[in-house]
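Undergrad: The structure under discussion is supplied below as structure tokens; questions concerning it will follow.
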Amino acid sequence: MSTVCAISTPLAEGGISVIRISGENAVSCAAEVFKPFTCESVEKMQGYTCAYGQIHDGDKTVDDGVLTVFRAPHSYTGEDVCEISCHGGIYVTKKVLRLCLENGCEPAQAGEFTKRAMLNGKLSLTQAEAVMDTIAAQGEYALASANLTRQGSLFGQIHEVTGDLVKLLGELAAWVDYPEEDLPAVEETALRESIGKALSVTGKLIADHDNGMLIKQGIDTVIAGKPNVGKSTLMNLLLGYDRSIVTEIAGTTRDVIEESAKLGELVFRLSDTAGIRDTEDKVEKIGVEMAEKRLDECMFVIEVFDTSVKPDDDDIALLEKVKASGKRSLIVLNKSDLESAVDEGFFRDYSENIVCISAKNLDDRSQIQAAVEKIFTPENYDANSTIFANERQKCCLDKAHANLKAALEALDMGETLDAVTVMIDFAADSLLELTGEKATEAVVAEVFSKFCVGK
Ligand code: GDP
């Protein structure tokens, strides 16, 4: 396999940059561009050692830096790997990369280092995916799940289940194919037990997937309410800095503004919309239509009301609309610093999640956080054991789960073992695709296409 190189740090000005080289000629390439001051020669460097020295282009100095050497198979990719750290300037980093390319390396493709690690048996496909999840993690829960998967927990669980199913398939095949051989019949209880275990493992992972999506991608949230109730002020409170225009003239937030806010471990993708109300103003009407569309699409609605005035028809229309949609919602009774004109009990008919705050009061942010954590944190959530499967993995889990269920139903209906075998076979195939043990090249290529270059 060729020797490849790439810049592994973001291409922006920073303290240091790392150029990574992997492959048979990694050490000889590094030796061409790096002159160590702290050891005799690059070629003689052992694995897991580093040297301070000079990066040079022929007799011209390019930069000072540090070279770290990893010897195959004890490296990230399983090949010889050299990492050159230089000063984190864009020009100098690109120059070091170019030197490597001129000295025997080819440019690495997106995710190529991790792909090589997988091909060299260092990582399973699910572990490779978890590398990306680790990089993308925005909070503790997402990071904990990525770490579990990277450490092999998902692979281990699925591998064990698949092992059981494959063993069972072997016994079933022998029994079905060689009836005259007097082989022991496959016990139906053992069969049901194996299927049951596989169903419970896949079922739990499927159930946790949705929460994982919320935690990884953020909760698609709309802040809804009439003009002037304090939506923009609330959005700014949640974001922690001034983002949208706040004025006292009704109807000023005419476009849909989107931002992400983190409340505890939960990330909310917030849209502050134009107030939803009947209007004759053409521009405002477009804003209202956009707001209604966002309301239909979103996953969570924060309904804002001004407690200093009595709810009117527009307020009630919003409450009714959200209630009818069945979406998760939080009612924010805003402007609690003013004299209240509303009865909180009135809102209880529409949602059990109500907070009474002043969006102008920074301290009230914690009330919103407590309320949304109650709505979204899964019951009995345990960050030490919960794995969030990604979309690809979830697809494989769904297929496996459906076939396992069908196999149990077939057993219940007294179908032949032949038929049951086919379904278990499909289920095992999907699980082998999940772990990558039986994934097609196209699937693997798709996974790595989402990586960044240098990873
Ligand atoms: P929006 O049209 O719903 O986005 O409302 P804004 O956020 O623009 O707020 C409308 C007006 O209400 C502004 O003058 C805000 O300063 C004011 N406002 C917002 N929240 C509060 C609050 O908690 N208390 C008081 N007294 N005024 C508020």
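The values are calculated or read from the model by the stated rules, or taken from the named source; none is laboratory data. All of these numbers come straight from a predicted model, not from anything done at the bench. A quick note on method: Cβ atoms are made from the backbone with ideal geometry, for glycine too, and the neighbour counts reach across all protein chains shown.
Undergrad: Please count how many residues of the stretch 422-435 are touching a helix residue (DSSP H, G or I) at 6+ places or on another chain (Cβ under 7 Å), surrounded by fewer than 20 Cβ atoms within 10 Å (Cβ to Cβ) and of a type outside the set (D, E).
TA: Just the residues of the stretch 422-435 that are touching a helix residue (DSSP H, G or I) at 6+ places or on another chain (Cβ under 7 Å), to begin with: 423-428, 430-435.
Those still in the list that are surrounded by fewer than 20 Cβ atoms within 10 Å (Cβ to Cβ) too: 425-426, 432.
This time we only want the ones that are of a type outside the set (D, E), so: 426, 432.
Final tally of qualifying residues: 2.
Undergrad: Would you mention how many residues in the stretch 1-50 are aliphatic (A, V, I, L, M) and more than 36 Å from the chain's Cα centre (by Cα)?
TA: Looking only at that region, the number is 4.
Undergrad: For the stretch 282-300, does any single residue satisfy the condition of being modelled with pLDDT under 95, of a type outside the set (V, I, T), within 12 Å of the ligand (Cβ to nearest atom) and under 28 Å from Q138 (Cα atoms)?
TA: Quick first cut of the stretch 282-300, residues modelled with pLDDT under 95 only: 282-300.
Those still in the list that are of a type outside the set (V, I, T) too: 282, 284-285, 287, 289-300.
Subset that is within 12 Å of the ligand (Cβ to nearest atom): 284, 287, 291.
Narrowing the set further to residues that are under 28 Å from Q138 (Cα atoms) leaves 291.
Yes, some residue in the stretch 282-300 is modelled with pLDDT under 95, of a type outside the set (V, I, T), within 12 Å of the ligand (Cβ to nearest atom) and under 28 Å from Q138 (Cα atoms).
Undergrad: Do we have any residue at all in the stretch 363-385 that's hydrophobic (A, V, I, L, M, F, W, C) and not in a helix (DSSP H, G or I)?
TA: Step one: of the stretch 363-385, the residues hydrophobic (A, V, I, L, M, F, W, C) are 368, 370-372, 375-376, 383.
Of the ones still in play, those that are also not in a helix (DSSP H, G or I) are 383.
Yes, the conditions are met somewhere in the stretch 363-385.
Undergrad: Can you say whether A439 is outside any helix (DSSP H, G or I) and under 30 Å from R20 (Cβ atoms), as far as the supplied structure shows?
TA: So A439 passes the test.
Undergrad: Show the residue pairs that are 6+ apart or on different chains and have beta-carbon atoms under 9 Å apart, the first residue being within the stretch 189-209 and more than 18 Å from F426 (Cα to Cα), the second being among the basic types (K, R) and at pLDDT below 90.
TA: Sorted first by the residue in the stretch 189-209, then by its partner, the list stays empty.
For (1) buried (at least 20 other Cβ atoms within 10 Å of the Cβ); (2) at positive phi; (3) small (G, A, S), each residue gets a yes or a no:
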{"residue": "S17", "(1), (2), (3)": "yes, no, yes"}
{"residue": "G23", "(1), (2), (3)": "yes, yes, yes"}
{"residue": "A26", "(1), (2), (3)": "yes, no, yes"}
{"residue": "Y48", "(1), (2), (3)": "no, yes, no"}
{"residue": "G58", "(1), (2), (3)": "no, yes, yes"}
{"residue": "T77", "(1), (2), (3)": "yes, no, no"}
{"residue": "D80", "(1), (2), (3)": "yes, no, no"}
{"residue": "S85", "(1), (2), (3)": "yes, no, yes"}
{"residue": "G88", "(1), (2), (3)": "no, no, yes"}
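Undergrad: Against the condition within 16 Å of the ligand (Cβ to nearest atom), modelled with pLDDT of 90 or more and surrounded by fewer than 15 Cβ atoms within 10 Å (Cβ to Cβ), how does D312 come out, does it pass? Full working, then the answer.
TA: Values: within 16 Å of the ligand (Cβ to nearest atom): yes; modelled with pLDDT of 90 or more: yes; surrounded by fewer than 15 Cβ atoms within 10 Å (Cβ to Cβ): yes.
Answer is yes for this residue.
Undergrad: Does Q393 qualify as being within 20 Å of the chain's Cα centre (by Cα) and either small (G, A, S) or surrounded by 15 or more Cβ atoms within 10 Å (Cβ to Cβ) (or both)?
TA: Details: within 20 Å of the chain's Cα centre (by Cα): yes; either small (G, A, S) or surrounded by 15 or more Cβ atoms within 10 Å (Cβ to Cβ) (or both): yes.
Answer is yes for this residue.
Undergrad: Can you pull out every residue in the stretch 219-238 that is surrounded by fewer than 23 Cβ atoms within 10 Å (Cβ to Cβ) and more than 9 Å from the ligand (Cβ to nearest atom)?
TA: Scanning the stretch 219-238 gives I219, D220.
Undergrad: Only one of I354, I286 is more than 33 Å from the chain's Cα centre (by Cα) and aliphatic (A, V, I, L, M); which?
TA: Working: I354 fails: more than 33 Å from the chain's Cα centre (by Cα).
Sole residue among the options that is more than 33 Å from the chain's Cα centre (by Cα) and aliphatic (A, V, I, L, M): I286.
Undergrad: Looking at (1) out of contact with any strand residue (DSSP E or B) (no Cβ under 7 Å at 6 or more places or on another chain); (2) within 16 Å of the ligand (Cβ to nearest atom); (3) not small (G, A, S), which one does L214 not meet, given that it meets all the others?
TA: Here L214 meets the rest and fails (2).
Undergrad: Which strands (runs of 3 or more DSSP E) does the stretch 1-97 wholly contain that include 2 or more residues that are of a type in the set (S, T, N, Q)?
TA: On the way: elements: 4-7, 14-22, 34-36, 49-57, 60-70, 81-88.
Correct list: 14-22, 49-57, 60-70.
Undergrad: Oh, and also: Just one of the numbered conditions (1) exposed (fewer than 15 other Cβ atoms within 10 Å of the Cβ); (2) within 22 Å of the chain's Cα centre (by Cα); (3) under 14 Å from M118 (Cα atoms) is not true of S449; which one?
TA: (3)
Undergrad: More than 16 Å from the ligand (Cβ to nearest atom), of a type outside the set (A, V, I, L, M) and within 17 Å of L214 (Cα to Cα): is that true of D343 in this structure? Walk me through how you get there before you give the answer.
TA: Working: more than 16 Å from the ligand (Cβ to nearest atom): yes; of a type outside the set (A, V, I, L, M): yes; within 17 Å of L214 (Cα to Cα): no.
No, not satisfied.
Undergrad: Here are some conditions: (1) within 16 Å of the ligand (Cβ to nearest atom); (2) of a type in the set (K, R); (3) over 20 Å from L362 (Cα atoms). R328 meets all but one. Which one does it not meet?
TA: If we test R328 against (1) within 16 Å of the ligand (Cβ to nearest atom); (2) of a type in the set (K, R); (3) over 20 Å from L362 (Cα atoms), just (1) comes out false.
Undergrad: Kindly provide the set of residues from the stretch 330-369 that are among the small types (G, A, S) and free of Cβ contacts under 8 Å to residues at least 60 places away in the same chain, ordered by number.
TA: Narrowing the stretch 330-369 to residues among the small types (G, A, S): 336, 340-341, 345, 351, 358-359, 366.
If the condition is that a residue be among the small types (G, A, S) and free of Cβ contacts under 8 Å to residues at least 60 places away in the same chain, then S336, S340, A341, G345, S351, S358, S366 are the ones that fit.
Undergrad: Take the residues of the stretch 131-142 that are more than 9 Å from the chain's Cα centre (by Cα) and closer than 13 Å to G212 by Cα: which is surrounded by the most Cβ atoms within 10 Å (Cβ to Cβ)?
TA: The selected residue is Y141.
Undergrad: Report those helices (runs of 4 or more DSSP H) wholly inside the stretch 149-239 carrying at least 2 residues which are closer than 30 Å to I302 by Cβ, in contact with a His (Cβ under 7 Å, 6 or more places away or on another chain) and among the hydrophobic types (A, V, I, L, M, F, W, C).
TA: Working: elements: 153-177, 188-217, 231-239.
Correct list: empty, since no element meets the threshold.
Undergrad: Since L330 meets every condition but one in (1) buried (at least 19 other Cβ atoms within 10 Å of the Cβ); (2) among the hydrophobic types (A, V, I, L, M, F, W, C); (3) within 20 Å of A130 (Cβ to Cβ), which condition does it not meet?
TA: (3) is the only condition that L330 fails.
Undergrad: Go through the stretch 54-75 and count every residue that is more than 28 Å from R116 (Cα to Cα) and either of a type outside the set (A, V, I, L, M) or not assigned by the TED database to the domain that holds S8 (or both). Before you say what the answer is, go through the steps one by one.
TA: Quick first cut of the stretch 54-75, residues more than 28 Å from R116 (Cα to Cα) only: 54, 56-64.
Okay, now just the ones that are also either of a type outside the set (A, V, I, L, M) or not assigned by the TED database to the domain that holds S8 (or both), so 54, 56-61, 63-64.
The qualifying residues number 9.
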